[in-house]
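Here's the structure we're looking at; comments come further down.
The values are calculated or read from the model by the stated rules, or taken from the named source; none is laboratory data. Owing to the predicted nature of the structure, the values given are computational and were not obtained by experimental measurement. FYI the Cβ positions are ideal-geometry reconstructions off the backbone, even for glycines, and counts take in every protein chain you see. Ligands, DNA and RNA are stripped out before the accessible areas are found, and what is left, the full protein with its side chains, is counted by its heavy atoms. Shrake-Rupley method; radii C 1.70, N 1.55, O 1.52, S 1.80 Å.
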Amino acid sequence: MNNTTPSAWLVRFHRLGSPPSFYHFSGLIIPWVSAACLILIVAGLYGGLYLAPTDYQQGESYRIIYIHVPSAWMSMFVYVVLATSSAIGLIWRMKLAEAIARATAPIGATYTFIALITGSLWGKPMWGTWWVWDARLTSELILLFLYLGYIALVSAFDDRRTASRAGAVLALVGVVNLPIIHFSVEWWNTLHQGPTITKFDQPSIAISMLIPLLLTAAGFKLHFLVALLASVRAEILDGERRTAWVAELLARKKHA
Amino acid sequence: MKPKRRQRLVLVGLLVAGVGIAVGLALLALQENINLFFSPSQVAAGEAPVGSPFRLGGMVVDGSVSRVDQSLEIRFDLTDTANTVTVAYTGILPDLFREGQGIVAQGSVNDNGLFTATQVLAKHDETYMPPEVIDALDKAKAMGVQ
């Protein structure tokens, strides 16, 4: 640490790590992020379900990608957030990081579940089967079990700090599954097709189909942010219910 | 960084790296078992089990699909461009089944090399295009060839 005064931004950033200012700040941005999320998802679904052309092989059935692909991406992205905040909580014992980790797991589990269900609904008419034990589908199912295992483990402890530490170890062990999910379609023969957009080559999707997909994907990202902030706020209130600032907040709410 | 935190950081790094290496080695050892299907070349090389069921994957050869009269039986050739296996199947085919399409068939191979399938799954590729674009691409390709 040097002796010069840290910049105002750095101070603000550090302060954001404290539960009361995080609670205040997230309360301010939630309405804006929710509005942007709603606009993106509605625009993406309108573009995807109504404006985008039919596919040359799959006909109308391909339109499930506007839900399936964003939720599959999010299922993995949320796990990255879970693992990162778990590592920060484990190393620096930061309360906010632990709260974020605990809050992400149910959201990530939901995205994973949606990805599996929509994929299955599409698989029956297109592949001819609801489910097949190929590497992509199996590793995604393992991801769902990792989320459920994390939730079960964390809720088995009475003390939330101990719970977070135990859960963090499980979350970090599960990180190994992420590259397996992503590369499964390239490392092994699978029934699931290869990547369309996240490959280094040019994406093999028409631009009129791609734009709505990117809109819903961005909408899902913002939805995750809203769900995360709301659930972390609830966690903070519960964890800090005996502190002075929460009492003050309650008193102000009662007056209003 | 405080020594205690650095120690925890190293422990977390070791945990992730250790699990990664262990799982990587296990997957490497299981390599063949994780593949969903055998290719026609693997069948030709005798790598696929004879007599017991397995999955066979490949492209349906253009013009090879034929129906047997008075029954639901259908026959087609599957290729990986190097080798070809003939498949016989009785039942309903998935929507995406067509000549030139990748498919995965579950069944077993008999002594004559005929693969009798109990289930046929269509493997979709990663291309999403409107029909006009595909037509235009095909035309452009045909003109380029001439």
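Given the Cα-Cα distance of A:I207 and A:E60 and 0.36 nm per residue of separation, how much length would full extension add, in nm?
Result: 51.2 nm gained on full extension.
Averaged across A:205-215, how many Cβ atoms of other chains sit within 10 Å of each residue's Cβ atom?
2
How far apart, in nm, are the 7 Å Cα→Cβ label points at A:T243 and A:E186?
The two pseudo-label positions are separated by 4.4 nm.
Can you tell me which lysines have their Cα less than 17 Å from the Cα of B:K123? Leave out same-chain residues fewer than eight positions away.
By straight Cα distance, B:K123 reaches A:K124.
Setting aside same-chain residues fewer than 8 positions from A:K221, which aspartates and glutamates have a Cα under 20 Å from its Cα?
Reachable aspartates and glutamates: A:E140.
In the range B:1-75, which GluC sites (Glu not before Pro) fall in coil by DSSP and have 15 or fewer other Cβ atoms within 10 Å?
Counting only loop positions with at most 15 other Cβ atoms within 10 Å, the GluC sites (Glu not before Pro) in the range B:1-75 are B:E47.
Shape verdict for the range B:61-146, please, from the Cα gyration tensor: rounded (a/c under 1.5), prolate (a/b greater than b/c) or oblate.
It is prolate, given that a/c is not under 1.5 and a/b is the larger ratio.
Which lysines have a Cα less than 22 Å from the Cα of B:K2, not counting those fewer than 8 places away in the same chain?
Correct list for B:K2: A:K95.
Determine the order of A:T162, A:T129 by accessible area, beginning with the largest, at a probe radius of 1.4 Å.
Listed by decreasing accessible area, they come as A:T162, A:T129.
What relative contact order, as a whole-number percentage, does chain B give when Cα pairs under 8 Å and 6 or more residues apart are counted?
Relative contact order, chain B: 18 percent.
Over chain A, what is the relative contact order in percent, taking alpha-carbon pairs closer than 8 angstrom and at least six residues apart?
30
Let me know the mean shielding of B:134-140 by other chains, meaning the per-residue number of their Cβ atoms within 10 Å of its Cβ.
What the average comes to for B:134-140 is 1.
Compute the angle between helix B:3-34 and the longest alpha-carbon principal axis of chain B, please, reported from 0 to 90 degrees and rounded to the nearest 10.
Orientation of helix B:3-34: about 20 degrees from the principal axis.
Taking every pair of distinct Cα atoms and averaging 1/r, then inverting, what Kirkwood hydrodynamic radius in Å comes out for chain B?
Evaluated on chain B, it is 18.8 Å.
In the protein assembly as shown, what % of DSSP beta bridges are antiparallel (nearest 5)?
That works out to approximately 85 percent antiparallel.
Just want the answer: with Cβ charges of +1 for Lys and Arg and -1 for Asp and Glu, which residue in A:L222, A:V169, A:A244 is farthest toward the dipole's positive end in the range A:164-245?
A:A244
Using a 1.4 Å probe and ignoring any ligands, DNA or RNA, find the accessible area of A:K253 and quote it in Å² to the nearest 10.
Number for this one is 140 Å².
Relative to 2.2 N^0.38 Å, what does the C-alpha radius of gyration of the range A:35-194 come to as a ratio? Two decimals please.
Against the compact-globule rule of thumb, the ratio is 1.18.
Given labels modelled 7 Å from the Cα in the Cβ direction, how far is it in nm from B:I21 to B:S71?
Placing both labels 7 Å along Cα→Cβ, they lie 5.7 nm apart.
Could you work out the mean projected area of the convex hull around the alpha carbons of the protein assembly as shown, in square nanometres to one decimal?
Result: 28.3 nm².
Mind checking which of B:A26, B:T86, B:V133 is farthest towards the positive end of the protein assembly as shown's charge dipole, using Cβ charges of +1 (Lys, Arg) and -1 (Asp, Glu) about the Cα centre?
B:A26
Give the shape of the range A:128-167 as rounded, prolate or oblate, defined through the alpha-carbon gyration tensor: a ≥ b ≥ c are the square roots of its eigenvalues, a/c under 1.5 means rounded, and otherwise the shape is prolate if a/b is larger than b/c and oblate if not.
It comes out prolate by the Cα gyration axes.
Given labels modelled 7 Å from the Cα in the Cβ direction, how far is it in nm from A:K221 to A:R15?
Result for the modelled spin labels: 2.8 nm.
Grab the beta carbon distance between B:S64 and A:I151, set R0 = 45 Å, and tell me the FRET efficiency rounded to 0.05.
The computed FRET efficiency comes out at 0.30.
In what order, largest first, do A:H182, B:H124, A:H24, A:H68 sit by accessible area if the probe radius is 1.4 Å?
Descending order: A:H24, A:H182, A:H68, B:H124.
Mind checking the angle between helix A:135-155 and chain A's longest principal axis? C-alpha axes, 0 to 90 degrees, to the nearest 10.
Its long axis makes an angle of about 20 degrees.
For helix B:131-145, report the angle its Cα long axis makes with the longest principal axis of the Cα atoms of chain B; keep it between 0 and 90° and round to the nearest 10°.
80
List every residue whose amide H lies under 5 Å from the amide H of B:S64, counting only residues 5 or more places away in sequence or on a different chain, with H placed 1.01 Å from N in the peptide plane.
Placed amide hydrogens put B:D77 under 5 Å from B:S64.
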